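The next block holds one structure in the form of structure tokens; read it before the comments.
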Amino acid sequence: MRKNIAAGNWKMFKDAASANELFEKLIATEIPENVITVIAPPFIYLKEFVQKASSKDRFLIAAQNCHHATEGAYTGEVSAMMLKSINIPYVIIGHSERREQHAESNEMLKMKVLEALNYGLNPIFCCGEPLEIRKREEHISFVTKQITESLGTLNHDQISQIVIAYEPIWAIGTGETASPEQAQEMHEAIRNHISSLFTEEIANNMSILYGGSVKASNANEIFSKPDVDGGLVGGAALDADSFIKIINSFR
Ligand code: PGA
């Protein structure tokens, strides 16, 4: 079933004391019945947070990345197998910062998605175009190609475990948000593309999140678009008050 999701990506922010302080405020919040909250802290906090979150409904923990291999000589990396072994339910895969800074290709992300699925994790698969592609009006073909190359060969059970996050690169951390109409245009195109690759039912049941400068002040307008099922939030997820407002921005 399609779910409303408010996901917070903390990236590489917050020391232990301030991460705990934010987490305690969030976990004390009442989550609306129709919303799932997902928090993606840095790896070092995952185990503690997932234990604390285990008794709270609709409040789930995500990793920000995983490796494509199960184990091996990969210094500094963390595998899906390890995440599963501490009961992490979600993993962000293919964030544009990882694509850019760690040269993660569509082919590499396909391997990561498969590895995560093999261990029963739900990937939050990120896609999105850079500014020059948007200016050339090639954004839809660019994003649908990312999806085809990384997700196109999944079987129906596998694709049903995926959440897609559309994050136009020009809107991430820039304060510039896609307009609700721009988000809806792309989300509808993504849903149609999933329908053509798989089935209409799978497409209709898929949660598609928007990311890129989502704030308490614009979340409601963006989330009210018919094909936008929530947000993947960076900066505004680092402040308890603003993220709690975002959690409460669904109709
Ligand atoms: P932002 O980041 O909300 O700070 O723009 C979004 C993201 O990178 O997921």
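Coordinate-derived values only; no laboratory data. Worth saying up front: this structure is predicted, and the values here are computed from it rather than measured. Backbone-built Cβ (ideal geometry, glycine too); neighbour counts: all protein chains shown.
Laid out as a table, the results:
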| item | result |
| --- | --- |
| Relative contact order computed over the chain (Cα-Cα under 8 Å; 6+ residues apart), in percent | 21 percent |
| Residue 34 versus residue 196: modelled label distance in nm, points set 7 Å from Cα along the beta carbon direction | 3.1 nm |
| Shape of the chain, Cα gyration tensor, a/c cut at 1.5 | rounded |
| Label-to-label distance, nm, for residues given as residue 107 and residue 239 (7 Å Cα→Cβ offset) | 4.3 nm |
| 135, 215 arranged by Cβ crowding within 10 Å, fewest neighbours leading | 135, 215 |
| Peptides ranked, highest mean first, by Cβ atoms within 10 Å: ranges 47-56, 202-211 | 202-211, 47-56 |
| For residue 39, distant residues with modelled amide H under 5 Å away | 8, 60, 61, 62 |
| Under the span-like rule (Cα at least 20 Å along the axis, Kyte-Doolittle mean at least -1.0), DSSP H helices of the chain | 180-197 |
| Reachable aspartates and glutamates from residue 245, criterion Cα separation under 12 angstrom, eight or more residues apart if same chain | 30 |
| Amide H contacts of residue 211 (H built 1.01 Å from N, under 5 Å, at least 5 apart or other chain) | 166, 167, 232 |
| Magnitude of the charge dipole, the chain, Cβ model with Lys/Arg +1 and Asp/Glu -1, debye to 20 | 340 debye |
| Burial ordering of 136, 58, fewest other beta-carbon atoms within 10 Å first | 136, 58 |
| Calculated FRET efficiency for the pair residue 55/residue 17, C-beta based, R₀ 30 Å, to 0.05 | 0.85 |
